[in-house]
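Visitor: I have a structure I would like to understand better, so I am pasting it below and will then ask my questions one at a time.
Throughout, read-outs are computed from the coordinates displayed, never taken from laboratory work. Because the structure is a prediction, the values reported are computed rather than measured. Here the Cβ positions follow ideal geometry from the backbone for every residue, glycine too, while neighbour counts run over all protein chains shown.
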C-alpha cells in the first residue's frame, strides 16, 4: 500500500475529498456553523456586487 501511494491517491480523488468535507462539517459546533453562515452571506454579497457591476458595464 505504501509503494502504490493508495492513501494519497484516495485523498486526492473526488470521492475521498467529498468524504473529508462531510466529516469536517459533521464535526462543526454551533459557533463554527454560524461563522460558515456569515462567510457564505459575505461571499454572496461580493458576488452579487460584482455581477451588478458587470451588468452595468455591459448595458452601457
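Visitor: Once you put a point 7 Å from the Cα of residue 34 and another 7 Å from the Cα of residue 13, both along the Cβ direction, what distance in nm separates them?
Guide: The modelled label-to-label distance comes out at 3.9 nm.
Visitor: State whether the chain is rounded, prolate or oblate according to the following rule on the C-alpha gyration tensor (a ≥ b ≥ c being the square roots of its eigenvalues): a/c under 1.5 gives rounded; otherwise a/b larger than b/c gives prolate, and the remaining case gives oblate.
Guide: oblate
Visitor: Per DSSP H run of at least 4 residues, take -39500 (n - 2.57); add these up for the chain, divide by its residues and hand me the 222 nm value, nearest 500 deg cm²/dmol. Before the final figure, lay out each step's value.
Guide: On the way: 3 runs with 50 residues, N = 60.
Helix-only estimate at 222 nm: -28000 deg cm²/dmol.
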